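The values are calculated or read from the model by the stated rules, or taken from the named source; none is laboratory data. Because the structure is a prediction, the values reported are computed rather than measured. Here the Cβ is made from the backbone with ideal geometry for all residues, glycine too, and neighbour counts use every protein chain on show. Just so you know, the surface numbers come from the protein's heavy atoms only, side chains and all, with ligands and any DNA or RNA stripped out. Shrake-Rupley method; radii C 1.70, N 1.55, O 1.52, S 1.80 Å.
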Amino acid sequence: MYSVGLEVDTRAYFTAATSIIALPTGIKVFSWLATLSGATLHFSVPFFFASAFLLLFSLGGFTGIILANAAIDLALHDTYFVVAHFHYVLSMGAISALFAATYYWFGKISAFQLCLKLGLLHAALFTLAINFLFAPMHLLGRAPTTLITFPSINTYLLAPPLPYLAIAAVFACF
């Protein structure tokens with residue numbers, strides 16, 4: 001966002017606003033974890049999807065703190081790192097919370113219970129596939145998302161993109 005031609009003062013404002021958002025979000029995550037630590041846990045399918053939400057939201061939040069720096073965000077604009085951050089926080093965190101709610105409320109609304117083993121398998125495969133799909137994108141660092149072919153020299157932060165993109169493509173099928 002910071003690379004669209006904003007003035008320095010405007011970029012400083014958005015950096016400060018992003019950093020200010022990080023504080024209450026961190027407090028929310030720690031309050032959710034404190035709620036779990038003081039409760040009697042029932043290891044059911046909604047619990048595992050809610051745990052997946054906490055994991056995905058926290059991992060995306062850590063990358064959000066990195067992107068709050070205007071200089072780093074300028075360097076990482078339009079890269080796989082930003083794509084992975086967006087999907088961890090907004091997309092997959094919300095979808096895992098929706099799955100948790102669906103598994104919790106379906107039995108109460110319809111008087112039919114969903115299969116526990118299939119639900120646990122769904123939660124495990126969903127969480128693993130999401131992490132195998134988007135975690136390599138963090139490792140791609142500065143690999144751009146808009147190139148059709150990648151340069152032959154390694155100009156990226158950590159690794160060349162093609163093996164990681166192949167792993168991501170396989171797990172996108174799940």
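Values for this structure:
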| read-out | value |
| --- | --- |
| Residue under evaluation TRP105, criteria (1) more than 12 Å from the chain's Cα centre (by Cα); (2) crowded, with 16+ Cβ neighbours inside 10 Å; (3) aromatic (Phe, Trp, Tyr), criterion not met | (2) |
| Residue within the range 135-146 that is open to solvent by 80 Å² or more (accessible area, probe 1.4 Å), more than 18 Å from the chain's Cα centre (by Cα) and modelled with pLDDT under 65 present | yes |
| Which numbered condition SER3 misses (of (1) at pLDDT below 80; (2) in a helix (DSSP H, G or I); (3) of a type outside the set (A, V, I, L, M)) | (2) |
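Quick grid of which residues meet (1) within 17 Å of ALA124 (Cα to Cα); (2) open to solvent by 40 Å² or more (accessible area, probe 1.4 Å); (3) at pLDDT below 80:
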| position | (1), (2), (3) |
| --- | --- |
| GLY26 | no, no, no |
| THR35 | no, yes, no |
| PRO46 | yes, no, no |
| PHE53 | yes, yes, no |
| ILE66 | no, yes, no |
| ALA71 | no, yes, yes |
| ASP78 | no, yes, yes |
